[in-house]
Every structure is written in structure tokens, then in C-alpha cells.
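Enquirer: My structure is below; once you've seen it, I'll send some questions.
The values are calculated or read from the model by the stated rules, or taken from the named source; none is laboratory data. None of these values were measured; they are calculated from a predicted model. Ideal geometry is used to build each Cβ from the backbone, glycine not excepted, and the neighbour counts take in all protein chains shown. Each accessible area value is taken on the protein alone, full model and side chains, heavy atoms only, with ligands, DNA and RNA left out. Shrake-Rupley method; radii C 1.70, N 1.55, O 1.52, S 1.80 Å.
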Amino acid sequence: MTFSNLEIIAPILKAIEDQGFKKPTPIQAEAIPTLLEGRDLLGCAQTGTGKTAAFVIPLLQQLYLTRSNRKGKRILKALIISPTRELAIQINDDITDYSKYTGNKSIVIYGGIRQHKQTSALRTGADILVATPGRLLDLIAQGYVHLNKIKYFVLDEADQMLDMGFIHDIKKIITKLPTKRQSLFFSATMPKTIIELSKQILFSPKRVAIEPEKTTAEKISQYLYYVSKSDKVDLLKYLIAKKKNISTLIFSRTKHGADKIVRFLRKSNIKSEAIHGNKSQNSRQKTLQRFKKNKFSILVATDIAARGIDVSKLSLVINYDIPNVPETYIHRIGRTGRAQETGEAITFCSSSEKSFLKNIQKLIKQRIQVILDHPFHNQKNIDRLEIGKEKKNTKKPRFSAPKIKTAKKQGDNLKVESRKRSSKNFNFKRSFKRKKS
Ligand code: ADP
Ligand code: MG
């Protein structure tokens, strides 16, 4: 499968070539033909699977093929809604890349900065508008944005949108769109609420689902470090020293926590910066650009600030705190292993976080490999029951845990796994049921 098999027109093919893409990703191969037919689409795919190009390419193609020679101000024909400012900017940058030879114009609007530049861009006119919900409604109310000519509507990262409480804003935006339009709906997960919302937006959509097993989990090596809460900083420093200058994204559950990590690292002369909701939009964007340009290699972020961020060649994700929503784990580790790259994700787990870990492993249907060989390993944290139950005839799981482990020398890392866990055919779900009964 190549892009030209998908009947993409020459000016767009050329732009894709400039990006260096050899072949479409699975979601692109499925979504592009459907969208070119004019159908609505409900796309479920993990981050890093190439969703942006999957919707931007057909959108540009249709705009190009239906362009008029009429001179004068451009009228908005496509609207893309994104949950965060960072993602909105990124989508807009991608559109700029793909539309290099089709001559389309797009504008991005988001909150957190003064509106003047955005409103003057709107006054000049554009074909495509990328927006976060709040600022969009604000500028609609002020009369700067008119959606009555929109033909293409894209809702990106819909699950995140709902998590962030944008549901009412979205419903309000939909009422302002013409009913005759093509709508696209993308989400990394498909809980009931998302399906419900999609029904209000889409008309007999084609559903395209790219299984998470085939994407995120497969490409990313995942490791688990049991560590007490008070040792987390030292473990982090230890790992940073060991990994040497590779670009690393560290997740903290709170803004305060993110700042604290940066302070601790700075004390040890480790250059790092944080992005989160308390920082101004400009400072977040600047920090991100400098990180992308390798000006520094350790970025600490909260989930919301990092959502959808695409840093190619991000080698390592560290979950300093375990997310309490299991899906967030997939979003986080999906920041590495983008497109064809492979990646590594390390998760710190303290005793109070074990229940979160359990839910994550259930969701990914996979045990994360435990690394015991590090100076801060906290034996107490190993879920004794979990390991103990895997071995029959175990009277006292407390003492059995170390016995059933086999150590393998792998490079300079001593990776230790339980025998059952290392088996590829180990059926986690079944074992789960068995344990319950
Ligand atoms: P998603 O929206 O699914 O999270 P993105 O659209 O941000 O993913 O794409 C992830 C990364 O993959 C980006 O760096 C993008 O440039 C790259 N990419 C997209 N399509 C392809 C392709 N066909 N071949 C190689 N890389 C691609
Ligand atoms: Mg995306």
C-alpha cells in the first residue's frame, strides 16, 4: 500500500513525500478512501498512529477539488476542534506542511493569550479553522467566527475533550454548524459516553478501529520499578544518569508535583523544564519548541499539558506517578514510540499506587515487566499475593516471592521476571478469573 494507491492528488502527494513518509499508517489507509468518498467517520486509534494526516489529507484534497476561482476573502469551510492548545497548534502546523502545494490557508485559535492576533487573522479569512472549544465559542459570540459555511467538521481526541469537561461547549458548537456536512470523530478510547456523543454528530459513519495491541503496547518496551514514594526522586536521578541525554518526558499527576521534580533535578544540575496548566501559553509553547529542538532533554509535564504532543524521537517516558485513570497510561506511553520509532516507558510504583497499576495491567492485558536490579528497589512493594498465587503449593506467599523468580542477565540490566509472566502465552485475563474463584 502506498499513498498514490489511495488516489491522493499530486500536490498533496508531493507534500507527503517532503515529510518523508513512505507508506500510509493503518488508520490512514482505512480512513483516507472513506473520507474521500464523503462519508462520515468514527475513528478509534491510539495516539501516535497518524490520525492527523488521516483527516487532514482528505480534507485538503476535497477543498482543492472544489475550490472556486472567485477572488476575495476566504470563507471557513473546515473546522477542527482540539482539546488543548498544544494539540491545536500542532494540527495547524501539520496542515501548513500538507497544504504546501495546495495553497490552502488555516488559522489556529486557542485561549490563554490575547485574542487580537487571532481576530485579525480571522478578518483576513482562511479555509480551515483549528480551535479549542472555549476560545471558539468566545469568538463566535463576539462575531469574529461564522460557521454557517462549514462543510467539514473534525472532532479530535474526543475522549480527552469529555475528560476536560468540554461536552457542553461541543454540543453548543454543533448547533452552529450546517446540518449538511461531513463529520469526523476521533478518539483513542470508545467508552459509552463517547459513542453517545458521536451519534449526535455523525451520520451513518464508517467505523475504523485500530487495535491498541497492534500499536502502543507492541512497540514500546514497558518496565516497572517498585520504589517507595520518598525514593522516587533518587531513582529518577539514577535513571537519568544511566540513560545519558536521551530525550525523556516525565509525567507528574499534579502541577505542583511537576514543579517539584524540576526543582529537585536542578539541585543536582540536571537541566529540566516543566509544562503544565499554570504556565502561560507562550511559555508552554516556547518550552516545547526548545525541547523538540533538543535544547534540553528532560521535560516534566502533567497529563493535560502533554496530551497529543508529538515529539518525534522521544525515547523515554517516565511515569513518576501512576495515573489513576488506566487509559491515561496508554496515552502517556504513546508519547514515545511514535510512528515507526520504538520507545521505552518506565513506571514508578509506590505501595499506595498498586491498585492503579492493577487496573492498568487489566486494561492493557499485559503484565509490565518488573525491574528489581536498581538501588531503590522496595521489596515490600511487590504485590506478594499476586506473585504468590502464581505458584501453587505456596503456603506462605510472603517468603515464596523471591523463590519463584528467575534472573536473566540481559546486557547490564538484570531483569527478573516470574516464570509464568515471561511466558508469551500467559493468559492474563484467565488467570485473573481463576484468582477470583
Ligand atoms: P496521532 O494523532 O494518532 O496521535 P500524529 O498524527 O500526531 O498521531 O502522528 C504521529 C507521528 O507520526 C507524527 O510525527 C507524524 O509526522 C508521523 N506520521 C504520520 N503519518 C506517517 C506515515 N505515514 N509514515 C511515517 N510517519 C508518519
Ligand atoms: Mg492526534
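Enquirer: Could you say whether any residue in the range 41-48 is outside any helix (DSSP H, G or I), more than 12 Å from ligand 1 (Cβ to nearest atom) and within 14 Å of F185 (Cα to Cα)? Steps first, please.
Expert: If we filter the range 41-48 for residues that are outside any helix (DSSP H, G or I), which is where we start, we get 41-48.
Checking the rest, the ones that are also more than 12 Å from ligand 1 (Cβ to nearest atom) come to 41-42.
Filter once more, so that each one left must be within 14 Å of F185 (Cα to Cα): 41-42.
Yes; the residues of the range 41-48 include at least one that is outside any helix (DSSP H, G or I), more than 12 Å from ligand 1 (Cβ to nearest atom) and within 14 Å of F185 (Cα to Cα).
Enquirer: Out of K242, K172, K232, I need the residue that is modelled with pLDDT of 95 or more, assigned by TED's automatic domain parsing to the domain that holds I318 and either within 20 Å of A301 (Cβ to Cβ) or in a helix (DSSP H, G or I) (or both). Which one? Walk me through it before giving the result.
Expert: Numbers: K242 fails: modelled with pLDDT of 95 or more; K172 fails: assigned by TED's automatic domain parsing to the domain that holds I318.
Sole residue among the options that is modelled with pLDDT of 95 or more, assigned by TED's automatic domain parsing to the domain that holds I318 and either within 20 Å of A301 (Cβ to Cβ) or in a helix (DSSP H, G or I) (or both): K232.
Enquirer: May I ask you to say which residue of V317, V300 is more than 14 Å from the chain's Cα centre (by Cα) and open to solvent by less than 30 Å² (accessible area, probe 1.4 Å)? Step through it out loud before you land on a result.
Expert: Details: V317 fails: more than 14 Å from the chain's Cα centre (by Cα).
After applying the criteria, what remains is V300.
Enquirer: Can you name every residue in the range 11-30 that is under 22 Å from R67 (Cα atoms) and open to solvent by less than 70 Å² (accessible area, probe 1.4 Å)? Explain how you work it out, then say what you get.
Expert: Taking the range 11-30 first, the residues under 22 Å from R67 (Cα atoms) are 11-16.
P11, I12, L13, A15, I16, listed by residue number.
Enquirer: For the range 88-107, what are the residues that are touching a residue at least 24 places away in the same chain (Cβ under 8 Å), within 16 Å of ligand 1 (Cβ to nearest atom) and either open to solvent by 50 Å² or more (accessible area, probe 1.4 Å) or not hydrophobic (A, V, I, L, M, F, W, C) (or both)?
Expert: Q90, N92, D94, D97, Y98, S99, K100, S106
Enquirer: Answer yes or no as to whether L36 is more than 16 Å from ligand 2 (Cβ to nearest atom) and hydrophobic (A, V, I, L, M, F, W, C). It would help to see each step written out before you state the result.
Expert: Values: more than 16 Å from ligand 2 (Cβ to nearest atom): yes; hydrophobic (A, V, I, L, M, F, W, C): yes.
Against the criterion (more than 16 Å from ligand 2 (Cβ to nearest atom) and hydrophobic (A, V, I, L, M, F, W, C)), L36 qualifies.
Enquirer: Sticking with this structure for a sec: Tell me which residues, restricted to the range 208-229, are of a type in the set (S, T, N, Q) and at pLDDT 85 or above. Please lay out each step first, then the result.
Expert: Applying the first criterion (of a type in the set (S, T, N, Q)) to the range 208-229 yields 215-216, 221-222, 228.
S221, Q222, S228 - these are the residues of the range 208-229 that are of a type in the set (S, T, N, Q) and at pLDDT 85 or above.
Enquirer: Turning to a different aspect of this structure: Please count how many residues of the range 29-52 are without any contact (Cβ under 8 Å) to a residue 60 or more places away in the chain and either of a type in the set (A, V, I, L, M, F, W, C) or more than 22 Å from R181 (Cβ to Cβ) (or both).
Expert: 3
Enquirer: Confirm whether I80 is in a strand (DSSP E or B) and of a type outside the set (K, R).
Expert: Details: in a strand (DSSP E or B): yes; of a type outside the set (K, R): yes.
Yes.
Enquirer: Follow-up. For residues in the range 325-377 being small (G, A, S) and more than 22 Å from S247 (Cα to Cα), which is surrounded by the most Cβ atoms within 10 Å (Cβ to Cβ)?
Expert: Restricting attention to the range 325-377, the residues satisfying the condition of being small (G, A, S) are 334, 337, 339, 343, 345, 350-352, 355.
With the extra rule that they be more than 22 Å from S247 (Cα to Cα), the set shrinks to 350-352, 355.
On the way: S350: 19, S351: 14, S352: 11, S355: 11.
Filtering the range 325-377 for residues that are small (G, A, S) and more than 22 Å from S247 (Cα to Cα), the one surrounded by the most Cβ atoms within 10 Å (Cβ to Cβ) comes out as S350.
Enquirer: Answer with yes or no whether G72 is in the same structural domain as K176 (by TED's automatic domain parsing) and within 10 Å of ligand 1 (Cβ to nearest atom).
Expert: Values: in the same structural domain as K176 (by TED's automatic domain parsing): yes; within 10 Å of ligand 1 (Cβ to nearest atom): no.
No, not satisfied.
Enquirer: What number of residues within the range 80-118 satisfy the criterion of being within 21 Å of the chain's Cα centre (by Cα), under 23 Å from I201 (Cβ atoms) and of a type outside the set (D, E)?
Expert: Qualifying residue count for the region: 16.
Enquirer: Just one of the numbered conditions (1) more than 11 Å from ligand 1 (Cβ to nearest atom); (2) buried (at least 22 other Cβ atoms within 10 Å of the Cβ); (3) not in a loop (DSSP other than H, G, I, E, B) is not true of I57; which one?
Expert: (1)
Enquirer: So how many residues does the range 108-151 have that are surrounded by fewer than 21 Cβ atoms within 10 Å (Cβ to Cβ) and within 17 Å of D94 (Cβ to Cβ)?
Expert: Here the count works out to 1.
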